[in-house]
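Below: one structure, written as structure tokens.
The values are calculated or read from the model by the stated rules, or taken from the named source; none is laboratory data. Because the structure is predicted, anything quoted here is derived from the model rather than measured. These accessible areas exclude ligands, DNA and RNA; they are computed on the full protein's heavy atoms, side chains included. Shrake-Rupley method; radii C 1.70, N 1.55, O 1.52, S 1.80 Å.
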Amino acid sequence: MEKYVIKGGKKLYGQIDISGAKNAAVAIIPAALMVEGVCRIENIPQISDTKKLLEMLSLMGAKIKYINEHTFDIDCTNVYMSDEIFELTRQIRASYYLIGSMLGRFGEAHTTMPGGCNFGVRPIDQHIKGMKALGATMDISRGFIKAQAKGGRLKGARIYLDKVSVGATINIMIAATMASGQTIIENVAREPHIVDLANFLNSMGADIRGAGTDVIKVRGVEKLHGGTYCLIPDQIEAGTYMAAVAATGGEVTLNNVIPKHLDCISAKLIEMGVEIEEGEDYITIRRDGELTHANIKTQPYPGFPTDMQPQVSTVLTIANGTSVITEGVWDNRYRYVNELRKMGAEIQVDGKTAVIQGVDKLYGAPVAACDLRAGAAMVIAGLCAEGTTTIEDIIYIERGYQDLVGKLRKLGADIAKVNDPEPKTDSGIAEAV
Ligand code: UD1
């Protein structure tokens with residue numbers, strides 16, 4: 001089994017490049033299924049989720065050409081439905097975007113319920129409501145999803161989301177792109193990758209307006225054509241390195257970022273005593289003084305991202321004073337707290353609230369990654385802890401961080417990926433979902 005081994009206590013210095021946004025890539029790759037022609041997509045992060053999605057398209061007959069490490073030509077001119085994708089669709093969350101893109105392309109969809117990180121119950125009722133409003137019948141049983149557009153093509157509709165959902169916004173926007181007539185989606189999410197998906201689809205011939213606001217209007221088109229598109233940088237990857245520097249101290253410049261997307265993370269870190277300097281496409285993080293406690297409430301964009309909650313909470317475990325964290329998006333996003341306690345953190349959790357009492361330092365220990373961002377939090381804890389930390393179940397981390405070990409080593413961290421033939425210790429946490 002592969003593990004990370006970190007010898008903590010080293011400050012981070014230097015500069016690294018931030019990769020393309022995972023959550024944009026995992027929406028844009030399935031959306032490419034609707035394009036008849038060659039899509040050249042640049043800045044695709046090399047992570048297991050994007051590799052699996054490209055493999056799914058390939059199993060459906062797409063021709064995928066590797067141009068360079070981050071650029072792929074995807075040609076979906078001759079695609080077809082295939083049951084061979086089911087083993088992969090069960091493994092990742094974003095596979096549910098194939099419902100929207102298959103309905104758009106084929107007038108029908110056949111896939112499985114998605115996988116992904118376990119943050120408690122993850123319903124998809126808003127996705128289903130959207131597809132039904134567009135005229136699809138939805139049949140969900142025994143883990144399979146079958147959808148059929150009445151008359152073979154979806155029909156534009158007015159849809160109000162009962163809950164601000166990133167996934168439902170994306171899925172309905174994809175499906176509406178090829179529907180007949182106009183779709184208006186209200187109370188939508190506004191995350192940067194939603195704007196990125198709209199920009200991608202528009203550059204391939206779609207007519208989508210309002211992405212980034214809470215109402216999106218889509219005028220359906222008959223066909224999408226090929227083109228070239230470059231993905232935005234990853235807000236959460238950048239935020240994770242910002243949190244790492246806040247935890248260890250040092251000075252790091254992150255290149256290829258959009259500082260505006262990092263505003264809410266920067267503001268919180270500044271409140272905690274971190275210095276931040278922004279350029280047009282870079283951000284420098286410096287910390288040499290003490291860390292101060294802070295309160296955080298996670299919210300949909302432009303609020304503080306839930307996907308940064310575990311990492312920044314980890315930094316707060318070594319800040320002076322008491323911090324209160326309120327998780328405003330997911331029901332169960334504190335599973336990593338038990339692991340941090342093994343390293344000496346003092347955290348009490350009551351429902352969606354965590355109270356962190358800062359301690360002088362964390363101590364290295366064997367821990368596990370219980371999901372993607374929780375795994376990133378364990379890495380941050382290991383980097384600032386005294387002694388050696390080993391992290392199991394790194395498969396979760398590698399779903400979303402390109403070359404985490406290489407980038408951290410470039411900044412001076414003592415981290416290695418090792419292959420441990422020993423059977424898994426009973427962390428009691430990791431489970432495939
Ligand atoms: C996406 C991100 C995930 C992030 C989350 C919130 C991807 C691949 N994943 O997940 O990393 O943590 O946004 O920023 O982009 N909900 C419903 N019904 C639905 C859909 C969602 O009740 O049909 C609820 C969820 O239970 C949750 C909230 O809405 O409480 C937000 O979920 P959503 O924004 O949909 O998250 P994902 O798109 O799954």
With Cα springs under 10 Å, the Gaussian network model of the chain assigns the largest mean-square fluctuation among TYR282, TYR396, TYR241 to TYR282
Name the shape class, rounded, prolate or oblate, that the alpha-carbon gyration tensor gives for the stretch 228-317, where a ≥ b ≥ c are the square roots of its eigenvalues, rounded holds for a/c under 1.5, and otherwise prolate holds if a/b is larger than b/c and oblate otherwise.
oblate
Listed by chain and number, the aspartates and glutamates with an alpha carbon less than 13 angstrom from that of LYS260, same-chain partners under 8 positions apart left out, are GLU191, ASP234, GLU277, GLU278, GLU280, ASP281
Separation between Cα centres of the stretch 1-75 and the stretch 363-421, rounded to whole Å
20
Apply the a/c threshold of 1.5 to the C-alpha gyration tensor of the stretch 22-222 and tell me whether it is rounded, prolate or oblate.
rounded
Within the chain, what whole-number % of the accessible surface is contributed by carbon and sulfur, with the 1.4 Å probe and all protein chains included in the calculation?
47
Greater than 19 Å separation of Cα atoms is the criterion. Which listed pairs, LYS155/LYS217; LYS132/LYS155; LYS3/LYS51; LYS129/LYS217; LYS11/LYS407; LYS11/LYS342, meet it?
LYS3/LYS51; LYS11/LYS342
GNM on the chain, C-alpha springs below 10 Å: top fluctuator among SER82, SER266, SER48?
SER82
Among the aspartates and glutamates, select those whose C-alpha is under 15 Å from the C-alpha of LYS10, and discard any that sit fewer than 8 residues away in the same chain.
GLU251, ASP288, GLU386, ASP414
quick note, the chain, DSSP beta bridge pairs, % antiparallel (nearest 5) is 70
Crossing angle, helix 97-106 versus the chain [Cα axis fit, 0-90 degrees, rounded to tens]
20
What percent antiparallel are the DSSP beta bridges of the stretch 67-217, to the nearest 5?
75
Would you please classify the overall shape of the stretch 101-168 from the alpha carbon gyration tensor, given that a ≥ b ≥ c denote the square roots of the eigenvalues, rounded means a/c under 1.5, and beyond that prolate means a/b larger than b/c while oblate covers the rest?
oblate
Given the options ARG399, ARG93, ARG409, state which has the largest fluctuation in a GNM of the chain using a 10 Å cut-off (strictly under) for Cα springs.
ARG409
